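Notes follow the structure.
The values are calculated or read from the model by the stated rules, or taken from the named source; none is laboratory data. Being a predicted model, the structure only gives us computed values, none of them experimental. Cβ coordinates were reconstructed from backbone atoms using ideal geometry, including for glycine residues, and neighbour counts include every protein chain displayed. With ligands, DNA and RNA removed, areas are computed over all heavy atoms of the protein, side chains included. Shrake-Rupley method; radii C 1.70, N 1.55, O 1.52, S 1.80 Å.
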Amino acid sequence: MAAKNNISSARRPGPQRRAAGATPRPPARTKTEGAIRGGDGKYQFNLARLRQVPAGTGYSSAHGGVVEGARMLVGYIHKARGTGSRMHTHKNEQFNLVVKGTLTGSVNGKRVRAGAGTLIYIPANAPHTLISTPDEDVIFIAIKDLSQGIIGKAVDGSMAGPQFLKGYGPRASKTRTRR
């Protein structure tokens, strides 16, 4: 007589289901401090109205709402005109879709100038810097895998703050007149 195949009697992997009336699980922790976790009944988000979180602590002026799923994150990111990121890297691959304004800088040593409607691709570990032009603030949608959160590390290893175009630093903003 042939041996019985135990594979069919084993529980097959699949979605975890809660029993009716079971206590809901606490929300999963996010890799980006202050980000919202998607799923578990939450599937739609007004990105522009989410809590603003830093998106480049120590090297960038970027901030915005961030939603994390199981394997990806999306951020609705703002950079004030004349400000941006110093050269930095991160483990995750990234796409930035410019919604408003223009970003200039470089990715992996190649010059970038991206206006509204332009998609910027940033490979994992690629050194890059992106700055909002002086014309207007920039809004872009950042999409990354979750090999880490939204924040990377400055190439020079310092946490000296964002990059500012001449006349757009913290002190300059108090004395500068609007155009």
Among the numbered conditions (1) assigned to a strand (DSSP E or B); (2) out of contact with any Leu (no Cβ under 8 Å at 6 or more places or on another chain), tell me where ARG51 comes up short.
-> (1)
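Here's the yes/no breakdown for (1) modelled with pLDDT under 95; (2) in contact with a helix residue (DSSP H, G or I) (Cβ under 7 Å, 6 or more places away or on another chain); (3) surrounded by 10 or more Cβ atoms within 10 Å (Cβ to Cβ); (4) not polar (S, T, N, Q):
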| site | (1), (2), (3), (4) |
| --- | --- |
| ALA10 | yes, no, no, yes |
| PRO13 | yes, no, no, yes |
| GLN16 | yes, no, no, no |
| ALA19 | yes, no, no, yes |
| PRO24 | yes, no, no, yes |
| THR30 | yes, no, yes, no |
| TYR43 | no, no, no, yes |
| GLN52 | no, no, yes, no |
For the stretch 138-170, how many residues are open to solvent by less than 50 Å² (accessible area, probe 1.4 Å) and closer than 15 Å to HIS78 by Cα?
-> 7
Can you spot a residue in the stretch 84-105 that is surrounded by fewer than 17 Cβ atoms within 10 Å (Cβ to Cβ) and small (Gly, Ala, Ser)?
-> no
Evaluation of GLY65 against (1) in contact (Cβ under 8 Å) with a residue 40 or more places away in the chain; (2) open to solvent by less than 10 Å² (accessible area, probe 1.4 Å) (one fails), failing number = (1)
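Take the residues of the stretch 69-83 that are in a strand (DSSP E or B) and open to solvent by less than 30 Å² (accessible area, probe 1.4 Å): which is farthest from ALA160 (Cα to Cα)?
Among those that are in a strand (DSSP E or B) and open to solvent by less than 30 Å² (accessible area, probe 1.4 Å), it is LEU73.
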Taking into account only those residues within the stretch 134-166 that are of a type in the set (D, E, K, R) and assigned to a strand (DSSP E or B), which is farthest from GLU93 (Cα to Cα)?
-> LYS153
Quick check: is even one residue across the stretch 119-133 farther than 21 Å from PHE164 by Cα, in a strand (DSSP E or B) and open to solvent by 50 Å² or more (accessible area, probe 1.4 Å)?
-> yes
